[in-house]
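Here the structure comes first, spelled out in structure tokens, and everything after it is commentary.
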Amino acid sequence: MVSSVKRVHLDLQLVEENRRLRASNKDLRDIQRQLLDKLRGNVTKTKILFDASRQPSSVEGALADISRMLIEVQEQERARIARELHDDINQRLALVTVAIEQVRQAACPEVDQGLRELKQQVIGVTADIQTMAHDLHSSSLEYLGFVPAVRKLAEELGKRQGMQIEVKNDGVPSALSAEISLCLFRIIQEALHNAARHSGAKRVEVRLLKAADQIQVTLSDSGKGFDIAALASGKGMGLASMRERIRLVHGKITIQSEPSIGTCIQAWVPLQTTPVPRTANDYTQYRAH
């Protein structure tokens with residue numbers, strides 16, 4: 001009888017312990033979900049909102065430090081690759097063009113025609129590589145400032161893609177801090193490239209606005225749009241890059257889109273932000289021409 005009572009008591013203890021473990025497991029899953037929501041942003045059917053303007057937690061602060069280092073390394077690598085493309089590969093292609101022209105001088109008409117076409121192909125490849133180098137690391141951001149650099153990006157991309165990209169500036173100065181300029185420039189660059197590749201839109205509007213103590217950037221098009229849920233759950237680097245860059249300047253970004261309606265991306269960055277290390281040695285590692 002005593003042993004039966006003890007066994008029942010032990011069983012009750014095990015049941016209670018199991019209940020506590022399940023409750024703790026649920027609490028941990030809730031905490032994990034909340035942290036993931038903070039890191040990924042608030043996702044609805046047609047909108048993603050990522051807000052890094054509030055005071056970060058210790059976990060978020062540690063992740064921001066890692067992101068800062070990764071983005072700094074990424075910018076340095078961009079500068080290195082762009083420099084090699086511009087100073088090495090393009091120079092060698094220029095020598096190939098000269099060599100082709102020299103061979104043409106002694107070639108018969110039939111061969112000359114083929115060499116002329118080959119030369120044009122090499123010139124085309126050279127132009128494509130120059131464009132790649134410029135996209136990787138644009139010296140206009142350093143030498144011209146933020147607003148002129150955005151206008152130049154829009155003009156060049158619009159010509160290449162056959163798109164009308166209109167830039168409207170409402171009070172945003174060209175002289176912004178290096179970290180804010182680079183953050184917003186990369187977001188605009190990524191958004192415009194995405195619009196050119198996927199939206200099918202023939203017109204994109206970029207609006208730059210200085211309001212009180214913050215800079216607001218809005219990009220909108222009336223293209224195909226896309227599935228927000230698929231973007232949020234995907235592994236694409238574009239959204240992740242935008243999110244991490246915004247995190248480092250304590251800003252906020254929203255992405256709204258619906259199929260067949262279009263896309264609108266808005267970013268807000270406070271002008272007074274905690275300084276972060278300047279990337280790519282303050283843009284001076286590479287000077288594209």
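All of the numbers you see were taken from the coordinates with simple rules; none came from a lab. The shown structure was predicted, so the numbers you read here are calculated from the model rather than taken from an experiment. Counting neighbours? That spans all protein chains shown, and the Cβs are built from the backbone with ideal geometry, glycine included.
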- [ ] Pull up all non-local amide H partners of Glu258: gap of 5 or more, or a different chain, and H-to-H distance under 5 Å with H placed in the peptide plane.
- [x] Phe226
TODO: Mind sorting Ser174, Ser199 by how few other Cβ atoms lie within 10 Å of their own Cβ, fewest first?
DONE: Ser174, Ser199
TODO: Show me 128-139, 217-228 ranked by packing, highest mean number of other Cβ atoms within 10 Å first.
DONE: 217-228, 128-139
TODO: Report, by chain and number, residues whose modeled amide H sits under 5 Å from the one on Gln214, excluding near sequence neighbours (fewer than 5 apart, same chain).
DONE: Leu271
- [ ] List Glu110, Glu142, Glu156, Glu117 from most exposed to least, where exposure is judged by having the fewest other Cβ atoms within 10 Å.
- [x] Glu110, Glu117, Glu156, Glu142
- [ ] Starting with the fewest neighbours, write out Lys202, Lys252 ranked by other beta-carbon atoms found within 10 Å of each beta-carbon.
- [x] Lys202, Lys252
- [ ] Give Lys47/Lys224; Lys168/Lys224; Lys224/Lys252; Lys47/Lys252; Lys47/Lys202 a once-over and call out the pairs whose C-alpha atoms are over 21 Å from each other.
- [x] Lys168/Lys224; Lys224/Lys252; Lys47/Lys202
